[in-house]
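*Asks:* Could you have a look at this structure, given as structure tokens, before my questions?
The numbers here are math on the coordinates, done by the rules we state, and not lab data. All values derive from a computational prediction rather than experimental measurement. Cβ atoms come from the backbone with ideal geometry, glycine included; neighbour counts cover every protein chain shown.
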């Protein structure tokens, strides 16, 4: 038994000889400070110390009831006025559309009536032309009979002249009616094509009124579109003004990442000033400790060396790795050529920074062990 105890003690001495240990150190973490961007009253505070928060989570709200909203009110009034004008323009457009529709029906009825009238006039001329042609044919036959009787000595010469004169008169009547028929046919075709060949249209003509109403409708629709664009622009300005006013009137404190609430610098209902600290967070994924070791132990420590961290306030052991080694503290002044002489009996110590690995759960209720005292054992 005695020999076993001696062997155990000897092994412990050997392990202690080959293992570098540090002095006590304190676990630290990256702080995140959330300050109020405006002056006002802390109207909402939804967290407490030791609470774990997510990225993007709202933690607090500061309201400033004294923020001026003159520009916002002016834009709201301008938007309302523009909307009123838009409604008026829309009513005018609707009335103009009804007028155009009514005039369109009038034009169609007038066109139908004109076509019917022009077709009737053409048919009347056609009937007259047929009658004139028949009378012309009769006059020609009469002329031939009178000429035969004149050659036989049965009638006088003046009877033949009268017959020839009648024939010529009937021929002129036929040519005149043929010309009228061609002209009336052209008038009918024009009315079918919604044209007129007789006279200029007056202001009371439905076609003229329809053209004027169509132009007025086009103008009203253009004004309506322009007013719509203006309202869209005003609404965009109003959105920006409202956002700016809300930024002046109300500020939300949002967690930028997953973290733990370390300390509350103000309570709900407190008055805060611009840039005053309200909530302080810690990032539990970025923890470290900085300790000191004897300079002679640096032979067993390298960058990337693994470390075992014993918490003095907890039975848990954490793991870490060396990320920085700085020696010569108090002996080297940067920029000086001559180093500070070191007394023989002065302890030579070096700083070692150890990043704590996140392979062990960090309890938010214990603030991820931040602030705990610890000792570090370095592995070769």
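*Asks:* Less than 13 Å from a label point 7 Å out along the Cα-to-Cβ axis of residue 168: which backbone N atoms in region 121-161 qualify, by residue?
*Replies:* 161, by backbone N distance to the label point.
*Asks:* Hey, could you grab the Kirkwood Rh for region 29-144? Inverse mean 1/r over distinct alpha carbon pairs, Å, one decimal.
*Replies:* 24.5 Å
*Asks:* Could I have the simple spin-label model distance between residue 214 and residue 151, label points 7 Å from Cα toward Cβ, reported in nm to one decimal?
*Replies:* 6.7 nm
*Asks:* On to the next question. Grab the Cα-Cα distance for residue 310 and residue 258, subtract it from 0.36 nm times how many residues apart they are, and report the gain in nm with one decimal.
*Replies:* Between residue 310 and residue 258, full extension yields an extra 16.1 nm.
*Asks:* Given the Cα-Cα distance of residue 276 and residue 159 and 0.36 nm per residue of separation, how much length would full extension add, in nm?
*Replies:* 28.9 nm
*Asks:* Report, in cubic angstrom per residue, the convex hull volume of the C-alpha atoms of region 204-280.
*Replies:* About 158 Å³ per residue, rounded to a whole number.
*Asks:* Quick one: if you stick a label point 7 Å off each Cα along the C-beta vector at residue 319 and residue 79, how many nm between them?
*Replies:* My value for the distance between the label points is 5.8 nm.
*Asks:* Taking neighbour Cβ counts within 10 Å as the exposure measure, how do 309, 125 sort from fewest upward? Intermediate values should be presented prior to the final figure.
*Replies:* Numbers: 309 25, 125 20.
Fewest to most other Cβ atoms nearby, the residues stand as 125, 309.
*Asks:* Within region 80-105, list the residues whose amide N lies under 14 Å from a label point set 7 Å along Cα→Cβ of residue 230.
*Replies:* Residues passing the 14 Å test: 80-90.
*Asks:* Turning to a different aspect of this structure: If each of residue 46 and residue 108 carries a label point 7 Å out from its Cα toward its Cβ, how far apart are those two points in nm?
*Replies:* Spacing of the two 7 Å Cα→Cβ label points: 6.2 nm.
*Asks:* Rank the residues 284, 368 as a footprinting-exposure proxy: fewest other Cβ atoms within 10 Å of their Cβ go first.
*Replies:* Listed from fewest to most nearby Cβ atoms, that is 284, 368.
*Asks:* Continuing with this model, one more query. Compute the convex hull volume of the Cα atoms of region 73-230, divide it by the residue count, and report the result per residue in Å³ as a whole number.
*Replies:* Spread over its residues, the Cα hull of region 73-230 gives 96 Å³ apiece.
*Asks:* Just rank 36, 377, fewest to most, by other beta-carbon atoms within 10 angstrom. It would help to have the intermediate numbers written out before the result.
*Replies:* Working: 36 23, 377 16.
The fewest-first ordering by Cβ neighbours comes to 377, 36.
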